[in-house]
Structures are given as structure tokens and as C-alpha cells.
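The block underneath contains the structure these notes are about, expressed in C-alpha cells.
The values are calculated or read from the model by the stated rules, or taken from the named source; none is laboratory data. These numbers were taken from a predicted model, which means no experiment stands behind them. Neighbour counts run over all protein chains shown; Cβ positions are idealised from the backbone, glycine included. The protein model used for the area step is the full one, side chains on, heavy atoms only, and it has no ligands, DNA or RNA in it. Shrake-Rupley method; radii C 1.70, N 1.55, O 1.52, S 1.80 Å.
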Amino acid sequence: MLEHHNILVPIDGSENSKRALHAAQLLAKETPGSRLHIISVATQYQLESPETVEQMTKMVATMAKETMEMGVEHVKFDIVEGDPHEVIAHTYPDENGCDLIIISATGRGRLSHMLMGSVSNYVLHYAKLDTILIR
């Protein structure tokens with residue numbers, strides 16, 4: 001069986017991303033010594049709003065706390081600035097030694113999906129590490 005010790009799970013607060021987080025929590029809990037990275041990716045525009053930053057920080061911190069309460073010992077959480085496509089597929093995993101991404105199908109609406117493209121679709125096609133898609 002493959003063991004992954006540095007698991008990245010990007011979250012956006014949607015129900016789908018909560019399901020992805022739950023899958024990542026279960027896997028991390030069952031893999032001794034694993035580290036779970038919970039991130040939310042923000043654009044520069046989002047970071048200019050103190051209210052948005054506060055909401056994102058609270059969401060990520062709450063999910064990290066719940067993860068530790070489940071028994072996952074090593075949890076890292078952060079808000080990362082940048083393009084979600086690049087940050088999730090390349091930048092964050094490269095900088096943090098991640099060996100698995102667990103991502104939800106989508107958290108955005110149809111119009112946003114058509115204009116910007118699916119982050120999860122990009123990650124599935126271009127990330128260089130194992131990726132699990134949760135629907």
C-alpha cells in the first residue's frame with residue numbers, strides 16, 4: 001500500500017471541500033507520522049479586505065482545530081496568496097514536500113467555473129504528485 005506522509009487539502013468553505021478535508025483527516029489519522037496541510041488560497045484582491053482575511057483565517061483555524069481533535073497530530077494550516085491553480089498544483093506542494101493532494105470537485109458556481117476554469121481539473125492534469133478528487 002502507498003503511504004503518503006505530507007497531505008495537502010485546499011479548502012474554500014464549500015460542502016465539497018469539507019468532504020475532501022474529512023477524507024484527508026481519515027487518511028492522515030491512519031498514517032503514522034503524517035502531516036496534514038490545510039490551506040485556503042486567496043487572491044491579492046481578497047487579502048485587501050480585512051473582513052475577508054478574518055473570515056478565511058477563522059475558517060482555516062477552525063478546520064485545523066477540528067482535525068487535531070480527531071487525533072491527527074501534525075497539522076499545518078495557512079492562507080496562501082496567489083492563483084489557486086498554480087499554488088495548489090505546484091507552488092505549495094514543491095515548497096512543503098507534499099506527496100498527495102486531496103481536493104474537492106468544485107466550490108464555485110457555474111459562471112466562475114466557465115470563466116476561470118476548474119481548479120480541481122487543472123490540479124488533476126498538471127500536478128506532479130498523487131491526487132485524489134472528492135465529489
Grab the DSSP H runs of the chain that are 4 residues or longer, score each as -39,500 (n - 2.57), total them, divide by all residues and round the 222 nm result to the nearest 500 deg cm²/dmol.
-13000 deg cm²/dmol
Please list the three semi-axes, largest first and in whole Å, of the ellipsoid equivalent to the chain, using sqrt of 5 times the eigenvalues of its alpha carbon gyration tensor.
22, 18, 13
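Normalised by the residues of region 10-59, what does the relative contact order come to in percent, with Cα pairs under 8 Å and at least six apart?
So the answer I get is 36 percent.
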On average, how much accessible surface per residue is there in the chain, in Å², for a 1.4 Å probe, leaving out ligands, DNA and RNA?
58 Å²
Amide proton proximity set for residue 75, modelled H, under 5 Å, gap of 5+
36
Counting only residues 5 or more apart in sequence or on a different chain, those whose built amide H sits under 5 Å from that of residue 134 are 103, 104, 105
Along region 48-59, Karplus-curve 3J(HN,Hα) (6.51, -1.76, 1.60; θ = phi - 60°) to the nearest Hz, with x for Gly and Pro, reads 7, 9, x, 5, 5, 4, 4, 4, 5, 4, 4, 4
How much accessible surface does residue 35 have with a 1.4 Å probe, in Å² rounded to 10?
90 Å²
Looking at region 6-113, which GluC sites (Glu not before Pro) are DSSP coil and have at most 10 other C-beta atoms within 10 Å of their C-beta?
48
Expressed as a whole-number percentage, the relative contact order of the chain with C-alpha contacts under 8 angstrom and at least six residues apart is 32 percent
In whole percent, the fraction of accessible protein surface over the chain that belongs to carbon or sulfur atoms, probe radius 1.4 Å, stands at 53 percent
What lysines could a cross-link reach from residue 65, if we take a straight Cα to Cα line under 26 Å and drop same-chain neighbours fewer than 8 places away?
18, 29, 76
